[in-house]
1. Out of (1) assigned to a helix (DSSP H, G or I); (2) within 20 Å of Thr235 (Cα to Cα), what's the single condition that is false for Tyr179?
2. Please enumerate the residues belonging to the range 42-62 that are β-branched (Val, Ile, Thr) and outside any helix (DSSP H, G or I).
3. In the range 63-100, how many residues are modelled with pLDDT of 90 or more, surrounded by fewer than 18 Cβ atoms within 10 Å (Cβ to Cβ) and in a helix (DSSP H, G or I)?
4. Can you tell me which residue within the range 114-141, out of those that are aliphatic (A, V, I, L, M) and at pLDDT 90 or above, is nearest to Leu103 (Cα to Cα)?
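The values are calculated or read from the model by the stated rules, or taken from the named source; none is laboratory data. All of these numbers come straight from a predicted model, not from anything done at the bench. As a convention, Cβ positions derive from the backbone with ideal geometry for all residues, glycine included, and neighbour counts pool all protein chains shown.
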Amino acid sequence: MGNINDAKEDEQKKETFVATLTHDLKTPTIAQIRMLELLLEGAFGTLSEEQKEVIEQVLKSAKYMLGMISRVLYVYKFENGSATLEYQTFNFKELVFECTKELEALFYDRNLEFEIKTSLGEREKEDMTVSADKIQIRRAIVNLISNSISYANKNTKIKIEISKENENFVFTVTNSSPYIPPDILNTLFEKYTSSPSNSKLSSNGCGLGLYLTERIISAHGGKMIAKSSIENINTFGFIIPGKPIIKED
């Protein structure tokens, strides 16, 4: 009995530590982001183009740091079972378009074109609504698109596809990037694993992006998609049920 209580106490201490650490890191980072945004808005005077460029780069780094902090917290929550999904009904197609729009600047930074191909809504009276945790599914979509942008060959096209198979929604992102052998492809959703095709860490941060995405999709009762061809075409994505999976006790 004592060992059980000690284990629970240790877990509670760890949870408190992680929550406190992420909060202490997030608060000043958010403040920095807001101050940089005010500078760019001209709240403290007119800036030269050179000054704007420097501040924009610092702002981008601050937002990257905030994203990493949030990912660490969510990874911990999914691992210790404290993460709870808040289901709501929303339009899956619209969410994908919103996420892509949000990341448009990243495409342009790497001289990439993008195309969204969808069969959703093309058939009369097709139901495009999904019941899921919108915030977490948005995080999964953004992670996958960001990862695809990070490793895509410059001056190529990224294809985003959304479709529906029976009652399941399918989302995939395909890019032109180096071939990933099967033995490595199978490890990419593990913690702290980054793409072998690039020595730099991806924008998802230390390999946590794909790992967290897999945890989110798995929690929804879905599964990940990962394909790589020797023609240097890679596809990542997921399949989720349109309605929550009711688990039997």
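1. Condition (1) is where Tyr179 drops out.
2. Correct list: Thr46 only.
3. Counting residues in the range 63-100 that are modelled with pLDDT of 90 or more, surrounded by fewer than 18 Cβ atoms within 10 Å (Cβ to Cβ) and in a helix (DSSP H, G or I) gives 3.
4. Ile141
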